[in-house]
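Worksheet: the structure to be examined is printed underneath.
Rule-based calculations on the coordinates, nothing more; no lab input. Quantities reported herein were computed from a predicted structural model and do not represent experimental measurements. Cβ sites come from the backbone with ideal geometry, for glycine too, and all protein chains shown count toward neighbours.
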Amino acid sequence: MGLRIGFVIVASIIGLVAGELNGRMWLGLMLALCASAAAINLEIMLRRLSVWAFIGSTAGLALGSFAAWLVSFPLAAIPETDSLYLDVILYLLLGYSGLAIGLARGRDFSLSRYIRLLTGQTGQTGRTGKAGHTGGETLKIVDTSALIDGRIADVCESGFIEGPFVVPQFVLHEMQLVADSSDPVRRARGRHGLDILQRMRNMAGIDVRIAGEDYPGLSEVDDKLVALARSMNGKVLTNDFNLGKVCEVQDVPVLNVNVLAGALRPVMIPGETMPVAIVKEGKEPGQGVAYLDDGTMVVVENGRELLGRTADVSVTSVIQTAAGRMIFAKLRD
């Protein structure tokens, strides 16, 4: 901020001196203030641009200006035309068009994507916009929540899901911030996530890659994950419900660990019997509550009298709620 204020002061002094030499001191001051404001706005805009966006916009502006220079030659040969005004219009129109196109292309540029194109590992996308395979493999962009959760390592170890897995650098940074938190619970979760990542990297046959792509124009990690998955033609691996919905809205494939866990829960049929440990009272009089190993709640009729004990129960009904599956049972005779 101090550097910008100093720049405005110096520009104002130069504008006053130049204006006084030409007999228009206040005009020189106004022009200097306008020029310094434009320079500061340009500097702020450039700070927000990524390197590739800056390169793309610069290249687009250069190509647009070159095209305007080529077009200006035949127009200058037309009699009774003011070539100066035509040149100004051409340079503004084509230069701005090149700048806008180059900026958009630069923001969407992914170095790893073009390397795969050059090496022949092209992705294929269907009409629905779903991600295809990249060189016969589907890239899985791993979210922070999936690593902290830890179950993905067990799934990989079982062989039911294979790589390659891509862990973005901004996800590592977010996990490091969690691991350095002053809150002991958050600190333990962050360190657990880093341990899970190291465990996956040490697994035989599991390919874990660290991606250096970043999107400075996006502030949220979820937005960066969606952009990276789209550029790599991959899938987002997470257990965050909201992130999964954002991916679905933007036609980005998502693998949700919680959905997988729900699909793998054993099917309970009314009349089936099983032993459960009743751990607390239910909401209704006489009810007891137990939990299966996967966290499914079992409401036992007249189970309150067996609180703290294990009992054989018979399933009466199974319902699916927004929070998950719930089983109702009664004590076995």
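For the pair Arg201 and Leu177 in one chain, pulling the backbone fully straight at 0.36 nm per residue adds 6.6 nm over the alpha carbon distance. Cut-off under 21 Å on the C-alpha distance; same-chain residues fewer than 8 positions from Lys330 excluded. Which lysines are left, in chain and number order? Of all the lysines, those that pass the test against Lys330 - Cα under 21 Å, at least 8 places apart if same chain - are Lys280, Lys283. Put in line by how crowded their Cβ is, counting other Cβ atoms within 10 Å and starting with the fewest, Ser317, Ser12 read Ser317, Ser12.
In terms of other Cβ atoms within 10 Å, Val252, Val8 run from fewest to most in the order Val8, Val252. Put simply, the amide H of Gly282, placed in the peptide plane, has neighbours under 5 Å in Gln287, Gly288, Val289, leaving out anything fewer than 5 places away on its chain.
Taking neighbour counts of Cβ atoms within 10 Å as a proxy for exposure, in what order, fewest first, do Lys224, Lys245, Lys283 appear? Write down the numbers at each step before the final one.
Values: Lys224 22, Lys245 11, Lys283 7.
So the ranking, lowest neighbour count to highest, is Lys283, Lys245, Lys224.
For Met326, neighbours were defined as the other residues whose beta-carbon sits under 13 Å from its Cβ, and their charges (Lys and Arg +1, Asp and Glu -1) total +2. The lysines whose alpha-carbon is closer than 20 Å to the alpha-carbon of Lys235, local same-chain residues fewer than 8 away aside, are Lys130, Lys140, Lys224, Lys245.
Using the Kirkwood radius over Cα pairs, work out the Stokes-Einstein diffusion coefficient for segment 265-316 at 37 °C and 0.692 mPa s, in µm²/s as a whole number.
Details: Rh = 11.0 Å.
For the chosen part, D equals 299 µm²/s.
Residue-wise HN-Hα couplings along segment 234-241, as the Karplus relation 6.51 cos²θ - 1.76 cosθ + 1.60 with θ = phi - 60° gives them from phi, are x, 10, 8, 9, 8, 10, 8, 4 Hz; Gly and Pro carry x. A simple packing score, the average count of other Cβ atoms within 10 Å per residue, orders the peptides 145-154, 23-32, 228-237, 187-196 as 228-237, 145-154, 187-196, 23-32, with the highest score first.
When both segment 188-210 and segment 145-183 are represented by their alpha-carbon centers, they are found 6 Å apart. Residue by residue, segment 190-203 carries 3J(HN,Hα) couplings of x, 5, 4, x, 5, 5, 5, 4, 5, 5, 5, 5, 8, 6 Hz when phi is fed to the Karplus relation 6.51 cos²θ - 1.76 cosθ + 1.60 (θ = phi - 60°); x denotes Gly or Pro.
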